[in-house]
Amino acid sequence: MLVSDRRDLRPVRPEALHVTLVFLGWQDESAAPRISEAGFGALPEGPPPRLTPAGVRSLPPRNPRLFALELEDEGGRATAWQAAAAAALEAGGWYRPEKRPFWPHLTLARVKRGERRVPPLPEQPPPPREPFEAPIVTLYRSTLRPQGALYEPLARTVLADAGDPASQPTAY
């Protein structure tokens, strides 16, 4: 694996990989039904986002704190989903827009707390450029732990015209 031999990094567990559309921060759990109804209800109709792995990127580039798989957003569908969900959640008072633009990616590893000046990842061949559809959107509660965040699904929706979601990778 790309980071398995690195003691200075904390890899994200495969079951925790996801694309974040909107990070809400702390919310009262009793608001979860209203949050999911607003966010899911705002998603544009049509086919789900189609994402293609583009390469591994470190952020920030010179003194990285995380390493991510950058995803190309074919036709801008993920960006449209993010904008629609963000606007609905902002209108409901659950979200404050970020200044930086939406960046479709999967976080692969984070630098462990207390580590400084970690070396870059070794050169890797580019990832397979096999696009995948992301038809599932999930509202998660994330619990931060030293060994990595734990994500507990609170609500989920699957696009009606997404085909068989069991055969598709998932975006959250």
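The values are calculated or read from the model by the stated rules, or taken from the named source; none is laboratory data. Everything numeric in this text was worked out from a predicted model, so none of it was measured. Neighbour counts run over all protein chains shown; Cβ positions are idealised from the backbone, glycine included. Please note that ligands, DNA and RNA were not included when accessible areas were found on the heavy atoms of the full protein model with its side chains. Shrake-Rupley method; radii C 1.70, N 1.55, O 1.52, S 1.80 Å.
Of the solvent-accessible surface of the chain, computed with a 1.4 Å probe and all protein chains present, 53% belongs to carbon and sulfur. Helix 32-41 axis versus longest C-alpha principal axis of the chain: approximately 80°, rounded to the nearest ten.
Rounded to the nearest 10 degrees, the angle from helix 77-91 to the longest Cα principal axis of the chain is 60 degrees. At a probe radius of 1.4 angstrom, the accessible area of the chain per residue rounds to 62 square angstrom.
Calculated mean residue ellipticity at 222 nm for the chain: -4500 deg cm²/dmol, from DSSP H runs with n ≥ 4 weighted as -39500 (n - 2.57), summed, divided by the residue count and rounded to 500.
Dividing the Cα radius of gyration of region 1-46 by 2.2 N^0.38 Å, with N the residue count, gives 1.73. The simple Förster model, with R0 at 25 Å and r as the Cβ-Cβ distance, assigns residue 59 and residue 154 a FRET efficiency of 0.35.
Close amide H contacts of residue 112 (hydrogens built in the peptide plane, cut-off under 5 Å, sequence separation of 5 or more or a different chain): 9, 10. Semi-axes of the equivalent ellipsoid of the chain are 28, 20, 15 Å, computed as sqrt(5λ) over the eigenvalues of the C-alpha gyration tensor in descending order. Computed from the C-beta positions of residue 70 and residue 32, the FRET efficiency with R₀ = 22 Å rounds to 0.15. For the peptides 139-145, 32-38, the ranking by mean Cβ contacts within 10 Å, running from highest to lowest, is 32-38, 139-145.
Note on region 98-165: percent of Cα-Cα distances in each 10 Å bin, starting at 0 and stopping at the bin with the largest distance, equals 13, 28, 39, 18, 2. Measuring from a point 7 Å past the Cα of residue 129 along Cα-to-C-beta, which residues in region 81-112 have an amide N at less than 19 Å? Flagged as within label range: 104-106. Placing +1 on the Cβ of every Lys and Arg and -1 on the Cβ of every Asp and Glu, with nothing else charged, gives region 76-164 a dipole about its Cα centre of roughly 660 debye.
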